[in-house]
2 protein chains.
Amino acid sequence: MEHIQFNLAQDRIPHTWYNILPDLPRPLSPTLHPATLNPIGPGDLAALFPHNLIQQEVSMDREIEIPGEVRQIYAQWRPSPLFRARRLERALDTPARIFYKYEGVSPAGSHKLNTAVAQAYYNKREGTKRLATETGAGQWGSALAMACRFFGLKCKVYMVRVSYDQKPYRRGMMETFGATVSASPSDETDAGRAILERTPQSPGSLGIAISEAVEVAAKDPETKYALGSVLNHVLLHQTVVGLEAIEQMALADDEPDVIIGCTGGGSNFAGLVLPYLGRKIKGRSRAKVVAVEPAACPSLTKGKFTYDFGDTARLTPLAKMHTLGSTFVPPGIHAGGLRYHGMAPLISHVLNLGLIEARSVQQLEAFAAGVQFARAEGIVPAPEANHAIAEVIREALLAREEGKQRTILFNLSGHGHFDMQAYIDYESGKLQNYDYPAAEIAMALAGLPAIG
Amino acid sequence: MEHIQFNLAQDRIPHTWYNILPDLPRPLSPTLHPATLNPIGPGDLAALFPHNLIQQEVSMDREIEIPGEVRQIYAQWRPSPLFRARRLERALDTPARIFYKYEGVSPAGSHKLNTAVAQAYYNKREGTKRLATETGAGQWGSALAMACRFFGLKCKVYMVRVSYDQKPYRRGMMETFGATVSASPSDETDAGRAILERTPQSPGSLGIAISEAVEVAAKDPETKYALGSVLNHVLLHQTVVGLEAIEQMALADDEPDVIIGCTGGGSNFAGLVLPYLGRKIKGRSRAKVVAVEPAACPSLTKGKFTYDFGDTARLTPLAKMHTLGSTFVPPGIHAGGLRYHGMAPLISHVLNLGLIEARSVQQLEAFAAGVQFARAEGIVPAPEANHAIAEVIREALLAREEGKQRTILFNLSGHGHFDMQAYIDYESGKLQNYDYPAAEIAMALAGLPAIG
């Protein structure tokens, strides 16, 4: 029998998250206050986040302990499985060995629950009564709704309009967990109303939804804000993925030559790769690390590395990142989780340091890859993850062309059970590629403040 | 850290299925030919099933080897996890210990893939080109579509009309795997056309969809028929569930006092309980074993134990089972997998032998239980499994009332990711209970042939 599972027992759930900040060869650029443009201090974030998360955002401790209550909830699905995709290898007739870490086994359906549980825990401990957040495709919103339920917090979700319409069952899931969900832009906030006034048919974007959630949190002392990606502490919580993968690849007696993840805000990618980058910085890994983004929203491959706001209404601090401009509204691709104008500053930084590479994939190539993966491996992937799979297939076919073995590892960040309309549309020829929206991006970038 | 996972490594996947037939204190009644009413022989089934499955249907071998290729595919999700539902226990404030075997981790989303892979394998080996089948909620149809794809077989699915309309994304999944799906009753078969002529708005039933699939298989020499439940060989393939559970309960250092599963055709229930019944027959278990069915389709609790056809058009052999009459069309409850007029003859037999008990649950109690489970454990269950959960909660509350510890084990047969409309309807008060359809059942039973 071929070995295809490389799984760990409950007691192998990591005890600490891995913080790459102290290992970086150059430090991250500071985050700036939106009004003063001076570096922010912890106090500036206190209205939005609990103390512990603000500390984690800037901590220089390499290892940060995972609280027992969080580990206990992780035990529902962690350690997540590592699979070798032998049927996909055979379908591609490639000498490459393909491994994937599968985060879709989380009850929320994706890696997002890793940080949702941690964020809900710290908020609960510090007296928060309600969390407000944005969600694109709904993976993050349903994870936070579930985590809030576990800790007895209320949850308010602004769901990007185009995904709200495309994925009604994601909303059903969030509501089953007791969350309140509104389509964004909504008429509930100043930010939403301002957008609707200018663009009544706005499909929404993560940038707009973030503005709405931040505004709600800033105005209500009992409500704090939770972000599903981008920030250092969010990426930190995801590192359980890579820490487990390192142990599991050792079980498989193999070592990745190429590591691949899709990128929207950067969190699932970071989760798998940051622990490997830590090794790479120390010379203990020579893996090529590739971030894959949609051609319709190509912040890493086509964006500008500069200071920008995290949201459209300019309520958040400014961070130095690869951005398409915070007013840019990406085309309505089905990978709603990747429709973000910016990128995690940490991922932007490691790209700038040359530790990772970036590629983009068109929607049709992504879905073709997803269907090929599903037919070989059985799992229907989330549209976001299809971007990673497309790059995996490119690498595997290159290996076949070159007649060279290589070991590929990727993060299958979630399943596509709530995205079947996208597959139905793909099969019936209704999905399309999008040209690079050069004019819209140029306009959005032209509006950025000139800093540094 | 509390232990909540009791998992086994890939090499602990059972090597054999458990066949209870040789251990039964009294043998099953023979299956009868629909035309002659004489006991059928293997030749009578050769148009519908491959030789190996016909043999398994009547085999008196206690252990039947699982082919290596089937075990290899099982390794994608087996051994499936066994969880202790500690958060649910606390939510119920019960002294009971609640364990569940979770079959929703299969890439098809339910236990159905256990037999789909086996059936596709044997058909492939014997030269079948295409499989025809019925599906209710779509769990079985998507499992068979996936298994057919793995073995390069074509797949034709007749999906019960009411589920076809309620669960469009299940169809999307089947089509992603390359299956052809029609709503049943369809105008593609004599059986379907006859129903549509009498009842143009028929919601369909498993009995009708079986007639259509059997007719297609009988008429095409390259097509065979595959059934997702009811038959001995189907139940046999599911016994991996219980065989693993026995090992996992030993890891948990516990032994079930009560074992619970939902029943439609009987396959997920059989999968968990048959290995335990084998022990019970030998005096090695004293567990109470409870089958739970919908009050709207109560074959075990209100049906007649008699010979009936497996389908509505009377194309299949007759089996002795608890039945509501093969022309009975159950109300359109969301648990489409439980809308079957009959019951696996083997499950009917063990009920008749007093080895198990049966209960029924109304739709609203089932969904209330499902939501309570989801909020505690994170997993949104399939509507079918909600029936089992409702009975688990009854038992747990009884334990609280009596102040007595007991260990409850149940089969969480699948997730409800494709059933979110049902949860949305439940939350918005649109779901209803159904009175026992006494008149319709009396009429259906009156039409049965008088045998034995």
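If you take the residues of the stretch B:59-69 that are under 23 Å from the mean Cα position of the chain (by Cα) and within 14 Å of another protein chain (Cβ to nearest Cβ), which of them is surrounded by the fewest Cβ atoms within 10 Å (Cβ to Cβ)? By that ranking, first place goes to B:65. Pick from the stretch A:343-369 the residues that are part of a loop (DSSP other than H, G, I, E, B) and at negative phi: which of them is surrounded by the fewest Cβ atoms within 10 Å (Cβ to Cβ)? Selected residue: A:353.
Screening residue B:285 against (1) in contact with a Lys or Arg (Cβ under 6 Å, 6 or more places away or on another chain); (2) over 27 Å from residue B:240 (Cα atoms) leaves a single unmet condition, (2). All conditions in (1) farther than 25 Å from residue B:204 by Cα; (2) among the small types (Gly, Ala, Ser); (3) surrounded by fewer than 24 Cβ atoms within 10 Å (Cβ to Cβ) hold for residue B:332, with the sole exception of (1). If you go through the stretch A:21-46 and keep only what is of a type in the set (Gly, Ala, Ser) and over 24 Å from the mean Cα position of the chain (by Cα), you end up with A:35, A:41, A:43.
Restricted to the stretch A:372-391, and to residues there that are touching a Lys or Arg at 6+ places or on another chain (Cβ under 7 Å) and charged (D, E, K, R), the residue that is farthest from the other protein chains (Cβ to nearest Cβ) is A:391. Residues that are more than 28 Å from residue B:32 (Cβ to Cβ) and in contact (Cβ under 8 Å) with a residue 24 or more places away in the chain occur at least once in the stretch B:321-331.
Pairing residues of the stretch B:1-12 that are more than 7 Å from every other protein chain (Cβ to nearest Cβ) with residues that are crowded, with 18+ Cβ neighbours inside 10 Å and in a helix (DSSP H, G or I), at Cβ distances under 6 Å and at least 6 apart in sequence or on separate chains, gives B:6/B:248. Per the conditions (1) within 14 Å of chain A (Cβ to nearest Cβ); (2) of a type in the set (Lys, Arg); (3) in a helix (DSSP H, G or I), the sole criterion not satisfied by residue B:394 is (1).
Answer yes if at least one residue in the stretch A:187-200 is of a type outside the set (Gly, Ala, Ser), farther than 23 Å from residue B:425 by Cβ and within 11 Å of another protein chain (Cβ to nearest Cβ), and no otherwise. Give the derivation first.
Here is the first cut: in the stretch A:187-200, the ones of a type outside the set (Gly, Ala, Ser) are A:187-190, A:193, A:195-200.
Among the residues that remain, those that are also farther than 23 Å from residue B:425 by Cβ are: A:187-190, A:193, A:195-200.
Within this subset, residues satisfying the condition of being within 11 Å of another protein chain (Cβ to nearest Cβ) are none.
No, the conditions are met nowhere in the stretch A:187-200.
Would you please name the residue that is nearest to the other protein chains (Cβ to nearest Cβ), looking only at residues in the stretch B:86-111 that are under 23 Å from the mean Cα position of the chain (by Cα), within 19 Å of residue B:245 (Cβ to Cβ) and aliphatic (A, V, I, L, M)? The residue in question is B:105. Just wondering, is there one or more residues in the stretch B:79-93 that are under 30 Å from residue B:223 (Cα atoms), modelled with pLDDT of 95 or more and either in the same structural domain as residue B:256 (by TED's automatic domain parsing) or in contact with a strand residue (DSSP E or B) (Cβ under 7 Å, 6 or more places away or on another chain) (or both)? Looking through the stretch B:79-93, none of the residues is under 30 Å from residue B:223 (Cα atoms), modelled with pLDDT of 95 or more and either in the same structural domain as residue B:256 (by TED's automatic domain parsing) or in contact with a strand residue (DSSP E or B) (Cβ under 7 Å, 6 or more places away or on another chain) (or both). Restricting attention to the stretch B:19-48 and to residues that are in contact with a strand residue (DSSP E or B) (Cβ under 7 Å, 6 or more places away or on another chain) and of a type in the set (Ser, Thr, Tyr), the residue that is farthest from the other protein chains (Cβ to nearest Cβ) turns out to be B:29.
May I ask you to list the residues in the stretch A:117-166 that are assigned to a helix (DSSP H, G or I) and of a type in the set (D, E, K, R)? Outline the logic, then answer.
Looking only at the stretch A:117-166, we keep the residues that are assigned to a helix (DSSP H, G or I), and these are A:117-125, A:139-151, A:161-166.
A:124, A:125, A:149, A:161, A:165, listed by residue number.
With respect to being touching a Ser or Thr at 6+ places or on another chain (Cβ under 8 Å), small (Gly, Ala, Ser) and outside any loop (DSSP other than H, G, I, E, B), residue B:192 fits the description.
Exactly one residue out of B:288, B:320, B:280 is at pLDDT 95 or above, more than 20 Å from residue B:28 (Cα to Cα) and basic (Lys, Arg): that is B:288.
Please determine whether any residue of the stretch B:409-422 is aliphatic (A, V, I, L, M) and more than 22 Å from the chain's Cα centre (by Cα). Walk me through it before giving the result.
The first filter runs over the stretch B:409-422 and keeps only residues aliphatic (A, V, I, L, M), leaving B:409, B:412, B:420, B:422.
Filter again for more than 22 Å from the chain's Cα centre (by Cα), leaving none.
No, the stretch B:409-422 contains no residue that is aliphatic (A, V, I, L, M) and more than 22 Å from the chain's Cα centre (by Cα).
Looking across the stretch A:98-113, just one residue is within 21 Å of residue A:250 (Cβ to Cβ), assigned to a helix (DSSP H, G or I) and either hydrophobic (A, V, I, L, M, F, W, C) or not assigned by TED's automatic domain parsing to the domain that holds residue A:412 (or both), and that is A:105. Residue count for the stretch A:409-450 under the criterion of being over 27 Å from residue A:325 (Cβ atoms) and outside any loop (DSSP other than H, G, I, E, B): the result is 13. Among all residue pairs at least 6 apart or on different chains, which show Cβ distances below 6 Å where the first residue, located in the stretch A:333-350, is under 10 Å from residue A:230 (Cα atoms) and the second is among the β-branched types (Val, Ile, Thr)? Matching pairs, first to second residue: A:342/A:323; A:344/A:230.
For the stretch B:219-251, give me each residue that is over 24 Å from residue B:347 (Cβ atoms) and either assigned to a strand (DSSP E or B) or in contact with a Leu (Cβ under 7 Å, 6 or more places away or on another chain) (or both). Hits for the stretch B:219-251 are B:223, B:224. Filtering the stretch B:139-152 to residues that are surrounded by 24 or more Cβ atoms within 10 Å (Cβ to Cβ) and more than 11 Å from chain A (Cβ to nearest Cβ) leaves B:139, B:140, B:141, B:144.
Please verify whether residue A:330 is within 26 Å of residue A:161 (Cβ to Cβ) and either touching a helix residue (DSSP H, G or I) at 6+ places or on another chain (Cβ under 6 Å) or not hydroxyl-bearing (Ser, Thr, Tyr) (or both), treating the condition exactly as stated. Yes, satisfied. Considering only the stretch B:421-446, how many residues are surrounded by fewer than 18 Cβ atoms within 10 Å (Cβ to Cβ), within 14 Å of chain A (Cβ to nearest Cβ) and under 16 Å from residue B:332 (Cβ atoms)? Of the residues in the stretch B:421-446, 2 are surrounded by fewer than 18 Cβ atoms within 10 Å (Cβ to Cβ), within 14 Å of chain A (Cβ to nearest Cβ) and under 16 Å from residue B:332 (Cβ atoms). The sole residue among A:56, A:72 that is more than 14 Å from chain B (Cβ to nearest Cβ) and either loosely packed, with under 14 Cβ neighbours inside 10 Å or more than 30 Å from residue B:72 (Cβ to Cβ) (or both) is A:56. Return a yes/no flag: does the stretch A:169-180 have any residue that is more than 14 Å from chain B (Cβ to nearest Cβ), part of a helix (DSSP H, G or I), more than 18 Å from residue A:332 (Cα to Cα) and touching a Ser or Thr at 6+ places or on another chain (Cβ under 6 Å). So far as the stretch A:169-180 goes, no, none of its residues is more than 14 Å from chain B (Cβ to nearest Cβ), part of a helix (DSSP H, G or I), more than 18 Å from residue A:332 (Cα to Cα) and touching a Ser or Thr at 6+ places or on another chain (Cβ under 6 Å).
The values are calculated or read from the model by the stated rules, or taken from the named source; none is laboratory data. Predicted, not measured: the structure shown is a model, and the values here were computed from it. We place every Cβ from the backbone using ideal geometry, glycine too, and count neighbours over all the protein chains shown.
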